[in-house]
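A short write-up of the structure that comes next.
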Amino acid sequence: MSLKEKLAQIQAEAIESMLSAADPDVLNDIRVRFLGKKGLLTEASKGMKDVPAEERPKMGQLVNDTKKAIEETLEKRKSALMAAVREKKMAAETIDVTMPGRKSAIGHRHPLTLATEEVERIFIGMGYEVIEGPEVEYDYYNFEALNIPPNHPAKDEQDTFYINPQILLRTQTSSCQVHAMERGKVPFKVVAPGRVFRSDEVDATHSPNFHQFEGMIVDKDITFSDLKGTLEQFAIELFGPDTKVKFRPHHFPFTEPSAEMDVSCFKCGGKGCRFCKGEGWIEILGCGMVHPKVLKMSGIDPDEYSGFALGVGLERIALLKYEIDDMRLLYENDIRFLKQF
């Protein structure tokens with residue numbers, strides 16, 4: 001069979017195959033079969049070497065014409081098949097333009113985030129800087145630098161998640177205060193919100209992973225009166241202008257003197273109700289004057305500087321402010337619960 005006859009046969013076979021193709025994938029297979037690098041037309045073109053020199057221009061033109069005819073048929077059939085696919089898809093996905101659009105669900109802040117931002121806003125308004133610290137902490141920063149000796153009950157392995165004898169998951173954000181003091185930039189006013197970890201059973205008021213908010217100021221002539229005034233303003237900003245506070249003596253290793261602060265019940269105004277268990281007061285946080293030993297261990301002269309520190313559980317703030325009765329609701333991600341905020 002001559003090259004001319006072979007080209008005519010390839011063209012006829014290619015066009016017939018393309019016109020009978022039922023979908024674009026089959027059509028692409030046909031294209032590769034006839035026009036690919038190892039296709040029939042390419043193989044046939046290799047026969048040009050056997051054509052007499054005087055006939056090669058004519059045969060070369062014939063090869064190009066054959067290829068062009070196949071490609072034109074390919075494009076037309078491809079367009080027809082794609083149009084059919086689109087038409088079929090449109091028929092299956094009919095859109096009723098008179099129907100109302102689907103409303104996209106818009107997320108919002110978690111109640112714990114709302115509580116954290118509210119507390120941060122109050123202290124930033126009083127000139128405090130928000131700082132962060134590592135969640136995986138050295139024993140020194142979590143305990144020793146806060147005047148908690150090796151034999152203290154707080155260091156019991158039942159309460160603390162130890163990675164090794166020197167490294168642990170921090171049990172309190174107070175470690176951030178030590179890092180702030182070691183920077184050596186005195187005076188300073190900082191607050192440190194963050195996650196902490198303790199080996200607690202999960203129930204309505206406890207979790208092995210929760211959040212704390214620590215505050216600290218170090219300056220000359222800081223007194224307990226400054227602490228009381230700061231926390232009273234904090235309580236008023238958080239719970240309303242009629243909020244009253246009271247301080248009860250307590251003990252923390254890293255503060256002396258130490259206290260716990262209660263706020264008057266914002267539900268009953270201090271008269272006594274179910275929310276405050278009839279007492280009229282709600283325990284809110286712990287605080288105290290920074291222990292001189294803590295200042296000294298972090299390189300600050302306790303004879304020249306003093307300061308106060310405070311610590312509050314952010315989950316407790318969220319539970320009180322939004323009247324949530326079970327802390328587990330904050331972690332379960334139940335959309336029905338979260339939509340309320």
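The values are calculated or read from the model by the stated rules, or taken from the named source; none is laboratory data. Here the structure is a predicted model, which is why all the values come from computation and not from measurement. Cβ placement follows ideal geometry from the backbone for every residue including glycine, while neighbour counts extend to all protein chains displayed.
Below are the figures for this structure:
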{"read-out": "Count of the stretch 283-309 residues which are assigned to a strand (DSSP E or B) and surrounded by fewer than 18 Cβ atoms within 10 Å (Cβ to Cβ)", "value": "1"}
{"read-out": "When residues of the stretch 104-129 are limited to those that are small (Gly, Ala, Ser) and assigned to a helix (DSSP H, G or I), the one nearest to Gly240 (Cα to Cα)", "value": "Ala115"}
{"read-out": "Qualifying residue in the stretch 103-110 (condition: surrounded by 12 or more Cβ atoms within 10 Å (Cβ to Cβ), within 45 Å of the chain's Cα centre (by Cα) and under 30 Å from Gln233 (Cβ atoms))", "value": "yes"}
{"read-out": "Selection count where residues are closer than 15 Å to Thr205 by Cβ and not in a loop (DSSP other than H, G, I, E, B), scope the stretch 310-324", "value": "9"}
{"read-out": "Tally, over the stretch 192-233, of residues that are surrounded by 13 or more Cβ atoms within 10 Å (Cβ to Cβ) and acidic (Asp, Glu)", "value": "5"}
{"read-out": "Residue check for Ala21: loosely packed, with under 13 Cβ neighbours inside 10 Å, out of contact with any strand residue (DSSP E or B) (no Cβ under 6 Å at 6 or more places or on another chain) and either modelled with pLDDT of 80 or more or not assigned by TED's automatic domain parsing to the domain that holds Asp325 (or both)", "value": "no"}
{"read-out": "Evaluation of Met48 against (1) within 18 Å of Asn28 (Cα to Cα); (2) at pLDDT below 75 (one fails), failing number", "value": "(1)"}
{"read-out": "Residues satisfying the stated conditions in the stretch 278-316, i.e. β-branched (Val, Ile, Thr) and within 26 Å of Leu112 (Cβ to Cβ)", "value": "Ile282, Ile284, Val312"}
{"read-out": "All positions within the stretch 188-242 that are over 20 Å from Ala115 (Cα atoms), in contact (Cβ under 8 Å) with a residue 60 or more places away in the chain, of a type outside the set (A, V, I, L, M, F, W, C) and not in a loop (DSSP other than H, G, I, E, B)", "value": "Lys189, Asp219, Asp226"}
{"read-out": "Pick from the stretch 44-74, criterion surrounded by 11 or more Cβ atoms within 10 Å (Cβ to Cβ) and acidic (Asp, Glu), ranking: farthest from Met18 (Cα to Cα)", "value": "Glu55"}
{"read-out": "Scope the stretch 1-21; condition aliphatic (A, V, I, L, M), without any contact (Cβ under 8 Å) to a residue 40 or more places away in the chain and outside any helix (DSSP H, G or I); matching residues", "value": "Met1"}
{"read-out": "Some residue of the stretch 325-333 being at positive phi, at pLDDT 85 or above and part of a loop (DSSP other than H, G, I, E, B)", "value": "yes"}
{"read-out": "Hits in the stretch 306-336 - residues which are in contact with a strand residue (DSSP E or B) (Cβ under 6 Å, 6 or more places away or on another chain) and of a type in the set (Phe, Trp, Tyr)", "value": "Phe308"}
{"read-out": "Which numbered condition Ala22 fails, given (1) in contact with a helix residue (DSSP H, G or I) (Cβ under 6 Å, 6 or more places away or on another chain); (2) under 30 Å from Val85 (Cα atoms)", "value": "(1)"}
{"read-out": "Residue within the stretch 234-253 that is more than 25 Å from Ile300 (Cβ to Cβ), out of contact with any strand residue (DSSP E or B) (no Cβ under 7 Å at 6 or more places or on another chain) and surrounded by 18 or more Cβ atoms within 10 Å (Cβ to Cβ) present", "value": "yes"}
{"read-out": "Residues that are closer than 18 Å to Gln233 by Cα, in contact (Cβ under 8 Å) with a residue 24 or more places away in the chain and surrounded by 20 or more Cβ atoms within 10 Å (Cβ to Cβ), drawn from the stretch 254-264", "value": "Ala259, Met261, Val263"}
{"read-out": "Restricting the stretch 122-158 to residues that are surrounded by 12 or more Cβ atoms within 10 Å (Cβ to Cβ) and charged (D, E, K, R), the residue that is nearest to Glu256 (Cα to Cα)", "value": "Glu144"}
